[in-house]
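A short reminder: the numbers here are calculations on the coordinates, not readings from a lab. All values reported here derive from a predicted model rather than from experimental measurement. Note that each Cβ is placed from the backbone with ideal geometry, even for glycine, and that neighbours are counted across all protein chains shown.
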Ligand code: 2M8
């Protein structure tokens, strides 16, 4: 290929991907939010909306702010941002677990709109900052001003009520809160959650009606997910005394890295709207320190979730461990070790990648290339690692990862996830965050 045909092929791919991504996001727009997928996820999901807003900023900035506004309108009085906001006008039919199952109306401080009672990784402050940076102006400054107190309340909730371990990090009370539902990271802490897969006979799973069961969590996983919601719901989603009564409490490296990165984003937002950035920077540094103290495994050279009840790190090496790379003040020893882990045969990061980035150590005996978060490649975890590589100026590796992400979507379409060897599309087609993050990757070299 000559230089000019190479440049033309690149421009063609760029235009093709942009059209596909925009059409996907437009088709998934639902009056005041974007559904992750028309079939599998027909309501609004919290961290999906943050990723979606980042992509929309490049093409529909008004809609990006609307997306975040709708989500934060459902914020609880205690500051938690629910992981699902149900759309009462949805035409998609019953969803499980739906509004009746969550029963948010009976909890103190829940919003008028039915929601779930749990959270997802707090990636919204960095998303708001990126939306502003991608499309700056008076409207974006006004939007930041409105969102800022809500974002601060979300941070306060997670670092306050959710610090079950007492070490300055947030605990998750359910694997769904990590966003990586059935990651092998949760196997050890979930083993202690009593559940019987027969309980699933009482429910109709929505996911397996729309996707291949071999690519989804098992019924036993779901029985445990249900048991955990029942436990949290029984206390009306209150967080006091969780250690004594709730069977799953884990400090997740992704959730806590997002918490730290959010403080640096809030510092930037504060500077734009005339608030004090200093305390945010201090909190960002403190969260970074707490992550290193509590979740760093010096022998493995990666971060691992801490099972707070058992007070030990979980054994699985997953992509979650690489996520703290996005912290700007991560000490150089951890940065170097994470780069070595990412570039090892376990994850295969390279300036020229021969296979997509998996979500789990591909050399592990229980690596499953088809099953959801137990191996397949996902665009959002790739995009988050890409942010980390850019933060620490690893231009060569960032370019290799970006190329691999764009190539995946160009070959297979905007799928939810991808086969980590062949790149074949898995899960839902026309998946919103895949489309949104492709738009963002296209716009940044
Ligand atoms: C998946 O989570 C939902 C439960 O909330 C599910 O399994 O049905 C996860 O991939 C999660 O990260 C994502 O936000 C959600 C919607 O895309 O789907």
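Considering only 299, 308, 81, the mean-square fluctuation computed in a Gaussian network model of the chain, springs between alpha carbons under 10 angstrom, is largest for 299.
As a length-normalised measure over Cα pairs under 8 Å and 6 or more apart, the relative contact order of the chain settles at 18 percent. Extending 7 Å from Cα along the Cβ direction at residue 146 and again at residue 9 yields two label points whose distance is 4.6 nm.
Separation of region 269-289 and region 223-261, taken as the distance between their Cα centroids, equals 27 angstrom. For the residues 200, 353, 323, a GNM of the chain with alpha-carbon springs under 10 Å puts the largest fluctuation on 200. Taking label positions 7 Å along the Cα-Cβ direction at both residue 340 and residue 310, the computed distance is 2.6 nm, reported to one decimal. Relative to its residue count, region 242-339 spans a Cα convex hull of 109 Å³ per residue.
With contacts taken as Cα pairs under 8 Å at a separation of at least 6 residues, region 289-445 carries a relative contact order of 18 percent.
The convex hull around the C-alpha trace of region 152-235, projected and averaged over every direction, spans 7.0 square nanometres.
Please compute the length gained on full extension between residue 187 and residue 69, using 0.36 nm multiplied by the number of residues separating them and subtracting their Cα-Cα distance.
39.0 nm
A Förster radius of 51 Å combined with the Cβ-Cβ distance from residue 156 to residue 299 puts the calculated FRET efficiency at roughly 0.90.
On the basis of the beta-carbon distance and an R0 of 25 Å, residue 26 and residue 89 show a calculated FRET efficiency of 0.85. Across the alpha-carbon set of the chain, the Rg to Rh ratio works out to 0.93, Rh being the Kirkwood radius. Model label points for residue 352 and residue 197, set 7 angstrom from Cα along the Cα-to-Cβ axis, are 4.4 nm apart. Here r is the Cβ-Cβ distance between residue 103 and residue 218 and R0 is 22 Å; the resulting FRET efficiency, rounded to 0.05, is 0.30.
What shape does region 187-226 take by its C-alpha gyration tensor, where a ≥ b ≥ c are the square roots of the eigenvalues and a/c under 1.5 counts as rounded, a/b above b/c as prolate, and the rest as oblate? Note, shape of region 187-226 comes out oblate. For the residues 91, 374, 18, a GNM of the chain with alpha-carbon springs under 10 Å puts the largest fluctuation on 91.
Report the equivalent ellipsoid semi-axes for region 12-66 in whole Å, largest first, defined as the square roots of five times the eigenvalues of the gyration tensor built from alpha carbon atoms. Don't skip to the answer; put the middle values down first.
Values: eigenvalues 72, 36, 17 Å².
Working from the Cα gyration tensor, I get semi-axes of 19, 13, 9 Å.
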